[in-house]
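Everything below concerns the one structure shown next.
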Amino acid sequence: MQNPKRRQLVILRRSPYGSSLARAAVDLSLAMGAFEQDCDLLFLGDGVLQLLDGQSAEAIGSKNLGKMLASLPLYDIESVLVDAAALRSFGLTTADLVLQARLVEPAAMNTLLAGYDHLFSC
Amino acid sequence: MILHTLNASPGSTAFRDCLATAGAADTILLLGDGVYAALPGSEAEQALLACPARLRVLEIDARAAGLLQRLADSILIDMDGFVALSETHPRQLAWY
Amino acid sequence: MIYTLLVLSGPAGGHGARTAAGFASAALARGHQVNRVFFLDEGTTCGNASAVFPQDETDPLETWAKLAEEHGVELVLCISSALKRGVLDETEANRYEKGPATVHPTFVVSGLGQLIDATASADRLVTFGG
C-alpha cells in the first residue's frame with residue numbers, strides 16, 4: 001500500500017550563530033525543498049532571529065543564514081511561519097525579516113502543530 | 001494530539017515555550033533535565049499544573065536525579081511506556 | 001509501526017543520545033520497526049570510533065553497535081555535520097588527507113536525503129536533542 005504523503009514541519013528555534021543547530025536546521029529546510037517534500041517552516045522563539053535582515057556573518061567567518069533563508073526556493077510563500085509573540089518580544093515586525101512570512105499567534109500554535117505528521121525540532 | 005518531550009531545565013526558554021504550546025489533548029513527558037520541573041512545590045510544578053496537558057515523567061531520569069521518592073508513582077513511566085505514548089500520539093515534539 | 005529516529009546530541013554530554021538508544025531498543029521490543037536512526041549536528045559524534053569512555057561507565061558505541069548488529073537498524077551520520085566534527089569514513093579521510101577513518105564501522109556517513117527518505121515512509125518521527 002502506498003503511504004500518503006507526510007505533512008512535515010521544520011521548527012527552527014535557535015539564534016543563527018549561537019549554536020550549530022541553527023545551520024543544521026537551515027540545511028534540513030533547504031534539503032526538504034530540494035527533495036520536493038510537503039514541508040513548511042516555523043521560526044519559533046529565538047529562531048525568529050535567523051530571519052533578521054542585514055546580517056553580515058562574513059564578519060565572523062560564517063555562512064550568512066539570513067541570505068540562505070532569503071534564497072529558499074519558495075513557491076508557496078505561505079509555508080514560512082513565524083512565532084508572532086517572539087517577534088513582538090524582540091521589538092521586531094515582519095518588515096525586519098528577509099522574506100515574507102505568516103504570523104502565528106500563541107492561541108493558534110497548538111492547532112497548527114497538530115496539523116502535521118512529522119515535527120522536526122532543531 | 002502531540003507528545004511533547006521536554007528535556008530542558010525549568011528556567012529555559014524551551015520549558016516556557018513548551019508549556020505555552022501544549023494543549024488539552026497533549027501529553028508532556030519530562031525527561032533529562034526536564035524532570036526537575038516535577039518537584040512538588042516548585043514554581044515549575046505550579047506552571048505544569050496550570051497547563052492543560054497530561055504530565056508524565058521518565059522514571060530512569062527521575063531516579064538518576066534523586067527524584068524518585070519525591071514524585072507520585074502514577075506519573076512515572078519507563079521506556080516501554082514512552083514508546084506506548086508515541087503510539088497513541090501521532091506526532092512528537094522535542095523541546096531541549 | 002515504522003519509526004524514524006533523529007538524534008541531535010552526542011554521547012559526551014546531555015541525555016538525548018542515551019535516551020534515543022533506549023527508545024530504539026524499547027520500540028523494537030514492542031514489535032515496531034526502526035527504519036533508520038539519523039544523526040545530525042552534535043549527534044554525529046555518536047559514531048566517533050576514537051572516543052574513549054571510562055571503564056566504569058556504559059560505552060554508548062556498544063549500545064548502538066548492538067542495535068545495528070542484532071536488529072539490523074541502519075545508523076546514518078549526516079556528512080556535513082560529521083566532517084566538521086572529525087568523524088570521517090575512509091573515503092572522506094582520503095579525500096581530505098586526514099589520516100585514518102574515525103567513524104565506527106556500524107555507522108554510515110551520508111546526506112540529509114537519507115533522513116528525508118526514511119521519514120517519508122515512517123509512521124512516526126521521534127527526535128532526541130539536548
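Each value in this text was obtained by applying a stated rule to the coordinates, not by laboratory testing. Here the structure is a predicted model, which is why all the values come from computation and not from measurement. Neighbour counts run over all protein chains shown; Cβ positions are idealised from the backbone, glycine included.
Where does chain A land at 222 nm, in deg cm²/dmol rounded to the nearest 500, when only DSSP H runs of n ≥ 4 count, each adding -39500 (n - 2.57), divided by all residues?
Computed mean residue ellipticity for chain A: -8000 deg cm²/dmol.
Within 10 Å of each Cβ in peptide A:22-34, how many partner chain Cβ atoms are there on average? Round it to a whole number, please.
On the way: counts 1, 4, 10, 3, 0, 7, 7, 1, 1, 6, 4, 0, 3.
For peptide A:22-34, the averaged partner shielding equals 4.
Expressed as a whole percent, how much of the Cα-Cα distance distribution for chain C exceeds 23 Å?
On the way: 2198 of 8385 pairs.
So the portion of pairs separated by more than 23 Å is 26 percent.
Helix-derived [θ] at 222 nm for chain C: sum -39500 (n - 2.57) over DSSP H runs of at least 4, divide by residue count, nearest 500? If you can, show how the numbers build up before the last one.
On the way: 5 runs with 46 residues, N = 130.
For chain C, the value works out to -10000 deg cm²/dmol.
With the Cα gyration tensor of chain A in hand, give its eigenvalues times 5 under a square root as the equivalent ellipsoid semi-axes, listed largest first in whole angstrom.
Details: eigenvalues 106, 63, 30 Å².
Rounded to whole Å, the semi-axes are 23, 18, 12.
Evaluate Rg over Rh across the range A:1-66, taking Cα atoms for both radii and Kirkwood's formula for Rh.
Details: Rg = 13.8 Å, Rh = 12.9 Å.
When Rh is taken as the Kirkwood radius, the ratio is 1.07.
Mind giving me the FRET efficiency for A:Ser15 and A:Leu103? R0 is 25 Å, r the Cβ-Cβ distance, nearest 0.05 is fine. Before the final figure, lay out each step's value.
Numbers: r = 19 Å, r/R0 = 0.77.
It comes out at approximately 0.80.
Lys and Arg at +1, Asp and Glu at -1: add these up for the other residues within a Cβ distance under 15 Å of B:Gln69 and post the number.
On the way: positive: B:Arg63, B:Arg70; negative: B:Glu59, B:Asp61, B:Asp73.
Combined, the nearby Lys, Arg, Asp and Glu give -1.
Rounded to the nearest angstrom and ordered from largest down, what semi-axes does the equivalent ellipsoid of chain B get from its C-alpha gyration tensor (root of 5λ)? Could you put the intermediate results ahead of the total?
Values: eigenvalues 63, 52, 26 Å².
Each semi-axis is the square root of five times an eigenvalue, giving 18, 16, 12 Å.
First measure r as the distance between the Cβ atoms of A:Glu36 and C:Arg95, then evaluate 1/(1 + (r/R0)^6) with R0 = 25 Å and state the FRET efficiency to the nearest 0.05.
Working: r = 29 Å, r/R0 = 1.16.
Computed FRET efficiency for A:Glu36 and C:Arg95 comes out at 0.30.
Which percentage, to the nearest 5, of the DSSP beta bridges contained in chain A is antiparallel? Intermediate results must be reported in sequence, preceding the final value.
Values: 1 of 16 bridges.
So the antiparallel bridges amount to about 5 percent of the total.
On a C-alpha basis, how far is the centre of the range C:115-130 from the centre of the range B:16-67 in Å? Whole number, if you could?
Result: 24 Å between the Cα centres.
Across 20 Å bins from 0, what is the distribution of all Cα-Cα pair distances for the protein assembly as shown, in whole percents?
Distribution as computed: 31, 59, 10 percent.
For the range C:1-74, report the translational diffusion coefficient in µm²/s to the nearest whole number, using Stokes-Einstein at 4 °C, 1.567 mPa s, and a Kirkwood Rh over Cα pairs.
Numbers: Rh = 12.5 Å.
Answer, rounded: 103 µm²/s.
Mind listing P(r) for the range C:30-72? All alpha-carbon pairs, 5 Å bins, whole percents.
Result, from short to long distances: 5, 17, 25, 25, 17, 8, 3 percent.
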